[in-house]
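In what follows, a structure is listed as C-alpha cells, so that the remarks can point back to it.
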Amino acid sequence: MIPVVALVGRPNVGKSTLFNRLTRTRDALVADYPGLTRDRKYGRAHLSGYEFIVVDTGGIDGTEEGIETRMAEQSLAAIEEADVVLFLTDARAGLTAADQVIAEHLRRRQKTTFVVANKVDGIDADSACAEFWALGLGEVYQMAASQGRGVTNMIEYALAPYAEAMGLTRDTDEEAPEDEREYTEEEAEAEQKRLQDLPIKLAIIGKPNVGKSTLTNRILGEERVVVYDEPGTTRDSIYIPLERDGQEYVIIDTAGVRRRSKVHETVEKFSVIKTLKAVEDANVVLLIVDAREGIAEQDLGLLGFALNAGRALVIAVNKWDGIDQEVKDRVKSELDRRLGFIDFARIHFISALHGTGVGHLFESVQEAYESATRRVSTSMLTRIMQMAQDDHQPPLVNGRRVKLKYAHAGGYNPPIVVIHGNQVKKLPDSYKRFMMNYFRRSLKVMGTPIQVRFQEGG
Ligand code: GDP
Ligand code: GDP
C-alpha cells in the first residue's frame with residue numbers, strides 16, 4: 001500500500017512550498033488537462049523512485065478558536081491517517097511555543113515523526129537547528145524547501161522502511177522498474193488469458209452523499225457475495241469480493257457500507273486520504289457525481305488524482321431519476337464543458353436508488369480494465385508506430401529528420417508505449433500527442449489514459 005506523508009507545522013514554515021516541490025513533477029499529466037485544477041492539499045508525489053501521497057495539513061498553531069478549531073481538527077485527522085509525519089519548523093524564526101504544542105500532540109499520538117528545520121539557506125544551519133532538539137522528537141533534519149535542498153534526502157530517509165515494498169533500494173536515483181517485458185504474439189495471447197482469471201479491483205469513489213453506499217448496496221444485493229473479508233481498520237476501505245457474469249471483482253468500498261451495517265456505526269466520515277489510497281490500489285476507478293449538484297471542485301480534485309495515478313476510469317452521474325429534462329440538459333452541457341477533455345472515459349447516467357443503468361456500468365468497467373491491461377506484442381506496437389510515421393512524418397529537428405525505430409510496451413494500467421529512435425527527445429509535443437492518439441485509436445483503447453514515452457537510441 002502506498003504510504004501517506006503528512007506535512008505538519010505552524011503557518012508560514014514552508015509546508016506549501018515543500019508540497020509544491022514534491023508534487024510538481026507528477027502533475028505533468030494533470031497539467032496536460034487544462035481546466036483541471038489540482039488539489040492544493042492532497043497530491044501524489046514521485047521522488048527517487050518513491051511514490052507516495054502527500055498531504056498539506058494546513059497550519060496548526062495550537063491557539064485556534066471557532067472555525068479555526070474545525071480546521072485544526074481536519075489537520076489532526078490527516079495526521080491520524082498518515083504513515084509518516086514531516087514536522088516542519090522555521091530555522092530562521094527559531095523554536096516557538098506553537099512548535100511545542102504540535103510536538104506534544106505528535107508525541108502523544110506516537111506517530112513516526114521527522115523534525116525538519118526549514119529555511120536553512122543563507123544562515124548558520126547547525127547552530128540554528130540545535131534548539132529544535134528540545135522538541136524531544138529526535139534528530140533535526142535541515143532543509144531549504146524553496147531551494148530544493150535536503151528534500152530528496154529527507155524523503156529517502158523517511159521512506160526507507162518502504163523501499164523494499166516498492167522494489168527499491170536506498171540511494172538510487174532511478175525510477176521504479178516497470179514491466180518492460182516484450183511479448184511475441186503468442187506470449188501476449190497467453191498472458192491475456194491468464195489476466196482474465198484475475199479479479200478486477202474496482203474503487204467506488206465520490207464526495208459525500210453522491211450515492212456510493214446506495215450503489216454498493218444495490219450491487220451487492222443483486223449479486224452473490226462470494227466471501228466476506230476480515231474487518232479492516234477505520235482508516236481503510238473495505239474490500240468486497242464479488243462475482244458478476246463470470247467475472248470476478250473486488251469492490252473497494254470507500255463508503256464503508258459493510259462495516260456500517262454490521263457494527264451499527266454511525267455514518268462514517270468521508271476521508272480524502274482513504275479515497276486516494278483506494279484509487280492507488282484499484283485497477284479501475286468508478287467516480288460518482290451527483291446529477292443534482294453538478295460538477296463540484298471536489299469532484300475535479302478526485303478526478304485529477306485518478307488521472308495522475310493513471311487509473312482506468314468510468315464516470316457515473318447518479319440520481320438521474322426524477323429530474324426534469326431541463327436539469328438533464330444542464331447537467332449534460334456542464335459535463336461537456338468541464339469534463340470534455342477526458343475523452344477516454346465512458347459516462348453513464350444512472351439511478352443507484354432504482355438500479356437503472358447499473359448493469360451497463362460493469363460493461364464499461366470491464367472494457368476499461370481490458371484496455372488498461374491488454375498485452376500487445378512488440379511487433380504489433382512497432383507496426384502501429386510505423387503506420388503512424390507513414391501517415392505523418394516526424395518533423396525536422398536541426399535540419400535532420402527524427403527517426404523512429406521500434407516500439408514496445410513499458411507498463412500497464414496505465415498502458416505505456418515506449419518508442420525508440422534518434423533525437424526523439426526533441427519531438428514537439430504536438431507530434432507526441434499525435435502518436436498517443438494514433439495508438440489509442442489503433443489499439444481501440446477505451447476507459448484508460450495511455451502514455452507514449454520516447455527513448456533515445458535503440
Ligand atoms: P506554509 O504556510 O507552511 O505553507 O508556508 P509557505 O510554504 O507558504 O512558506 C511561507 C514563506 O516562507 C513563503 O514566503 C516561502 O517563500 C518562504 N519559504 C519557504 N521555504 C523556504 C526556504 O527554504 N527558505 C526561505 N528562505 N524561505 C522559504
Ligand atoms: P454516499 O455518502 O456517497 O455513500 O451516499 P449515500 O449512498 O448514503 O446516498 C446519499 C443520499 O442520496 C441518500 O439519501 C440516498 O437515498 C440518496 N440517493 C442515492 N442514490 C440515489 C439515486 O439514484 N436517486 C435518488 N433520488 N437519490 C439517491
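The values are calculated or read from the model by the stated rules, or taken from the named source; none is laboratory data. Not measured: the values here are computed from a predicted model. Don't worry about glycine lacking a Cβ; one is built from the backbone with ideal geometry, like all the others, and counts go over all protein chains shown.
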Restricting attention to segment 401-411, does a residue exist that is among the small types (Gly, Ala, Ser), assigned to a strand (DSSP E or B), in contact with a helix residue (DSSP H, G or I) (Cβ under 6 Å, 6 or more places away or on another chain) and free of Cβ contacts under 8 Å to residues at least 40 places away in the same chain? yes
Which residue out of Val418, Val424, Val397 is in contact (Cβ under 8 Å) with a residue 24 or more places away in the chain, buried (at least 17 other Cβ atoms within 10 Å of the Cβ) and over 26 Å from Glu191 (Cβ atoms)? Val424
Checking Val4 against (1) closer than 25 Å to Met166 by Cβ; (2) modelled with pLDDT of 90 or more; (3) within 13 Å of ligand 1 (Cβ to nearest atom), which single condition isn't satisfied? (3)
Sole residue being within 24 Å of Glu363 (Cα to Cα) and out of contact with any Leu (no Cβ under 8 Å at 6 or more places or on another chain), chosen from Ala282, Ala306, Ala316, Ala291: Ala291
Based on this model, can you work out whether Gly447 counts as closer than 30 Å to Gln196 by Cβ, modelled with pLDDT of 95 or more and not in a helix (DSSP H, G or I)? yes
Taking segment 322-377 only, how many residues are under 25 Å from Val445 (Cβ atoms) and either in contact (Cβ under 8 Å) with a residue 12 or more places away in the chain or surrounded by 15 or more Cβ atoms within 10 Å (Cβ to Cβ) (or both)? 31
Residues that are touching a Pro at 6+ places or on another chain (Cβ under 6 Å), surrounded by 14 or more Cβ atoms within 10 Å (Cβ to Cβ) and within 26 Å of Gln451 (Cα to Cα): does segment 298-316 have at least one? yes
Checked against (1) in contact with an Asp or Glu (Cβ under 6 Å, 6 or more places away or on another chain); (2) within 16 Å of ligand 2 (Cβ to nearest atom); (3) β-branched (Val, Ile, Thr), Thr378 satisfies every condition except (2)
Determine the pairs where a residue that is of a type outside the set (A, V, I, L, M, F, W, C) and more than 16 Å from ligand 1 (Cβ to nearest atom), located within segment 253-276, has a partner that is assigned to a helix (DSSP H, G or I) and modelled with pLDDT of 50 or more with Cβ atoms under 7 Å apart, the partner being 6 or more residues away or on another chain. Asp253/Thr216; Thr254/Lys212; Thr254/Lys274; Thr254/Thr275; Thr254/Ala278; Glu265/Arg259; Ser271/Glu81; Thr275/Leu302
Of the residues in segment 342-375 that are touching a Pro at 6+ places or on another chain (Cβ under 8 Å) and part of a loop (DSSP other than H, G, I, E, B), the one that is farthest from Val285 (Cα to Cα) is Arg374
Go through segment 376-400 and give me each residue that's of a type in the set (S, T, N, Q) and assigned to a loop (DSSP other than H, G, I, E, B). Ser377, Gln393, Asn398
Can you tell me which of (1) touching a strand residue (DSSP E or B) at 6+ places or on another chain (Cβ under 9 Å); (2) modelled with pLDDT under 90; (3) not hydrophobic (A, V, I, L, M, F, W, C) is the one Arg108 doesn't meet? (1)
Could you please find all residues in segment 16-32 being assigned to a loop (DSSP other than H, G, I, E, B) and either modelled with pLDDT under 65 or within 16 Å of ligand 2 (Cβ to nearest atom) (or both)? Asp32
Regarding Ala97, is this residue modelled with pLDDT of 80 or more, in contact with a helix residue (DSSP H, G or I) (Cβ under 9 Å, 6 or more places away or on another chain) and not β-branched (Val, Ile, Thr)? no
Failed condition for Val210, given (1) surrounded by 14 or more Cβ atoms within 10 Å (Cβ to Cβ); (2) at pLDDT 90 or above; (3) not in a loop (DSSP other than H, G, I, E, B): (3)
Condition check for Asp121: under 21 Å from Arg149 (Cβ atoms), exposed (fewer than 14 other Cβ atoms within 10 Å of the Cβ) and either away from ligand 2 (no atom under 16 Å from the Cβ) or modelled with pLDDT of 90 or more (or both): no
